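Engineer: Starting off with a structure, shown below.
None of the figures in this text is laboratory data; all of them are computed from the coordinates on show. None of the values given here were measured: they were computed from a predicted structure. Backbone-built Cβ (ideal geometry, glycine too); neighbour counts: all protein chains shown.
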Amino acid sequence: MARMKFLCDTERCIECNGCVTACKQENEVPWGVNRRRVVTINDGVPGEKSISVACMHCSDAPCMAVCPVDCFYRTEEGVVLHDKDMCIGCGYCFYACPFGAPQFPQAGAFGMRGKMDKCTFCAGGPEKDNSKEEFAKYGSNRLAQGKLPACAEMCSTKALLGGDGDVIADIFRNRALKRGKGSEVWGWGTAYGKPDNPQQQAPKGAKS
Amino acid sequence: MISARKLVVAALVVSAGLAGCGEKEQVIVYQQGKYQGKPDTRPWENEPGASIYTTSKWNKGDKTSWEAALKSRNQNQNEYTRTE
């Protein structure tokens, strides 16, 4: 079974913000809401590292655990989505998320916090697939079109990989072996958990 | 003596007035820890041609073929296979 994940290769990210633009354009995300953003550590210093951050669709999502109205659900492909009709905009998920993914539009009167918005892995939401309602609330549903997230597919250096966890891990492993460095994957331990026994071999044919 | 017409009007007014009492519950009966939002359809349950933007091919309802379509698309992110 496919288990959708994001992986950002810090050796390759050049902080072009192409992923941010692709996400904004694909989903017509309003001003003030950034589903994806690029963070740079030691900006301007030789050896700086950039990373593209959005919802990582965690295996054990903290947002899902803290939501007081239980508006989150996980799809069979492992994508964490939420029902905006149920969201009360309390902001608990924002405090719980280790990646700062949940965003709140503040276009209402007196800067009132609206319903939460976040990366959907371009999988839409609980409305009819590829309908106007789905696009208006959640954005594009590329998975239902047989595509992968726009940010990953648009990445110019292929630093940001998105798709089936096993496939993108294979791509990254091959890459790290060929260049001989930069095998650290930022955020994967936090989002998808660390193995209890790192030396243990995965059973043959099993999926992560 | 009340005419039949008045009786009919009175009956209509009473039935319209009481209609509000029979209103159904509009809030969710909340169960802690359980998603009660709208159900979502699965991506492979769509016809590949359902959206004009579809590029991949799979069989409607066949998850394996959808996964295979996505895996082959995933390889577009692997420049080692693209350049070899």
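Engineer: Would you calculate the volume per residue, in Å³, of the smallest convex hull containing every Cα atom of chain B? Each step should come with its number before you reach the end.
Structural biologist: Numbers: hull volume 18.5 nm³, N = 84.
With only Cα atoms used, chain B gives 220 Å³ per residue.
Engineer: Sticking with this one: Once you wrap a convex hull around the alpha carbon atoms of the stretch A:63-119, what is its projected area averaged over all directions, in nm²?
Structural biologist: Working: hull surface 16.3 nm².
Value for the stretch A:63-119: 4.1 nm².
Engineer: How much length would be gained if the chain were fully extended between A:Cys90 and A:Glu11, taking 0.36 nm per residue of separation minus their Cα-Cα distance, in nm to one decimal?
Structural biologist: Values: separation 79, 0.36 × 79 = 28.44 nm, distance 3.70 nm.
Between A:Cys90 and A:Glu11, full extension yields 24.7 nm more.
Engineer: Give me the Kirkwood hydrodynamic radius of the stretch A:101-156, using the inverse of the mean 1/r over all pairs of distinct Cα atoms, in Å to one decimal.
Structural biologist: Numbers: mean 1/r = 0.0804 Å⁻¹.
With all distinct Cα pairs of the stretch A:101-156 included, I get 12.4 Å.
Engineer: Which whole-number percent gives the relative contact order of chain B, counting Cα pairs below 8 Å spaced six or more residues apart? Write out the running numbers ahead of the final one.
Structural biologist: Numbers: 34 pairs, mean separation 11.7, N = 84.
Computed value for chain B: 14 percent relative contact order.
Engineer: Angle between the Cα long axis of helix B:4-19 and the longest principal axis of chain B, 0 to 90 degrees, nearest 10?
Structural biologist: The answer is roughly 40 degrees.
Engineer: Taking every alpha carbon pair in the stretch B:40-84, what does the distance histogram look like in 10 angstrom bins from 0, in percent?
Structural biologist: The percentages, shortest bin first, are 27, 46, 22, 5.
Engineer: Still on this structure, I have one more. Given H placed 1.01 Å from N in the peptide plane, which residues other than close sequence neighbours of A:Lys49 have an amide H under 5 Å from its amide H?
Structural biologist: So A:Lys49 has HN proximity to A:Ile41.
Engineer: Oh, and also: When Rg is the radius of gyration of the Cα atoms in the stretch A:147-208 and Rh is its Kirkwood radius, what does Rg/Rh come to?
Structural biologist: Details: Rg = 13.1 Å, Rh = 13.4 Å.
Radius of gyration over Kirkwood radius for the stretch A:147-208 works out to 0.98.
Engineer: Report Rg/Rh for the stretch A:93-194, rounded to two decimals, where Rg is the Cα radius of gyration and Rh the Kirkwood radius.
Structural biologist: Working: Rg = 16.9 Å, Rh = 16.2 Å.
When Rh is taken as the Kirkwood radius, the ratio is 1.05.
Engineer: Taking θ = phi - 60°, what integer Hz values does the Karplus form 6.51 cos²θ - 1.76 cosθ + 1.60 yield along the stretch A:32-42, in sequence order, with x for Gly and Pro?
Structural biologist: x, 10, 10, 5, 9, 8, 9, 10, 10, 9, 6
Engineer: Amide H of A:Gly89: which non-local residues (sequence gap of 5 or more, or other chain) have their own amide H closer than 5 Å, using H built in the peptide plane?
Structural biologist: A:Met116
Engineer: Now for a different question. Kindly provide log₁₀ I(q)/I(0) values, in the same order as q = 0.07, 0.15 Å⁻¹, from the Debye equation applied to equal alpha-carbon scatterers of the protein assembly as shown.
Structural biologist: Those come out to -0.33, -1.23, one per q.
Engineer: Moving to a separate point now. In whole angstrom, how far apart do the alpha carbon centroids of the stretch A:1-77 and the stretch A:129-208 sit?
Structural biologist: Centre-to-centre (Cα) distance: 11 Å.
Engineer: Bins of 10 Å, beginning at zero and ending with the bin holding the largest distance: percent of Cα pairs per bin for the stretch A:6-101, please.
Structural biologist: Computed distribution, short to long bins: 14, 39, 34, 11, 1.
Engineer: Please rank A:Ile88, A:Ile51, fewest neighbouring Cβ atoms within 10 Å first, as an exposure proxy. Each step should come with its number before you reach the end.
Structural biologist: Working: A:Ile88 13, A:Ile51 18.
By the 10 Å Cβ count, ascending, the order reads A:Ile88, A:Ile51.
Engineer: Any idea what the dipole of the protein assembly as shown comes to, in debye rounded to 20, about its Cα centre with Lys/Arg Cβ at +1 and Asp/Glu Cβ at -1?
Structural biologist: 160
Engineer: Quick one: which residues, 5 or more positions from A:Leu160 or on another chain, have an amide H under 5 Å from its amide H? H modelled 1.01 Å from N in the peptide plane, none for Pro or chain starts.
Structural biologist: Sorted by chain and number, the residues that satisfy this are A:Asp9.
Engineer: Karplus couplings for the stretch A:44-54 from phi (6.51 cos²θ - 1.76 cosθ + 1.60, θ = phi - 60°), rounded to Hz, Gly and Pro as x?
Structural biologist: Once θ is set to phi - 60°, the couplings for the stretch A:44-54 become x, 8, x, x, 4, 10, 10, 8, 8, 10, 7 Hz.
Engineer: Given R₀ = 51 Å, what would the calculated FRET efficiency be for B:Glu45 paired with A:Ser183, taking r from the Cβ atoms and rounding to 0.05? All intermediate terms of the calculation are to be shown ahead of the outcome.
Structural biologist: On the way: r = 38 Å, r/R0 = 0.74.
With a Förster radius of 51 Å, E is 0.85.
Engineer: A:Ala169 label point, 7 Å along Cα→Cβ, cut-off 14 Å on backbone N: hits in the stretch A:80-98?
Structural biologist: No residues fall inside that zone.
Engineer: At a 10 Å Cβ-Cβ cut-off, how would you order B:Leu18, A:Leu7, fewest neighbours first? Could the numbers behind the result be given before it?
Structural biologist: Details: B:Leu18 9, A:Leu7 22.
Arranged by neighbour count, lowest to highest, B:Leu18, A:Leu7 become B:Leu18, A:Leu7.
Engineer: Which residue, chosen from A:Gly180, A:Phe72, A:Ala61, occupies the Cα position most advanced towards the positive end of the dipole of the protein assembly as shown, where the dipole is computed from +1 (Lys, Arg) and -1 (Asp, Glu) charges on Cβ about the Cα centre?
Structural biologist: The residue sitting most towards the positive pole is A:Phe72.
Engineer: Step through the table entries A:Lys5/A:Lys194; A:Lys84/B:Lys57; B:Lys34/B:Lys63, compare each Cα-Cα distance with 22 Å, and write down the pairs that go over it.
Structural biologist: Too far apart for the 22 Å limit: A:Lys84/B:Lys57; B:Lys34/B:Lys63.
Engineer: Then there's this: Relative to the first principal axis of the alpha-carbon coordinates of chain B, what is the inclination of helix B:63-74, with its axis defined by its Cα atoms, in degrees from 0 to 90 and to the nearest 10?
Structural biologist: Approximately 50 degrees, to the nearest ten.
Engineer: Order of B:Arg82, A:Arg113 from fewest to most other C-beta atoms within 10 Å? Walk me through the numbers on the way to the answer.
Structural biologist: Numbers: B:Arg82 10, A:Arg113 14.
In increasing order of surrounding Cβ atoms, one gets B:Arg82, A:Arg113.
Engineer: Okay, next question. Please state the charge dipole magnitude for chain B, taken about the Cα centre, from unit charges on C-beta atoms (+1 on K and R, -1 on D and E), reported in debye and rounded to the nearest 20. The partial results should precede the final answer.
Structural biologist: On the way: 12 positive and 9 negative charges, 70 e Å.
Dipole size: approximately 340 debye.
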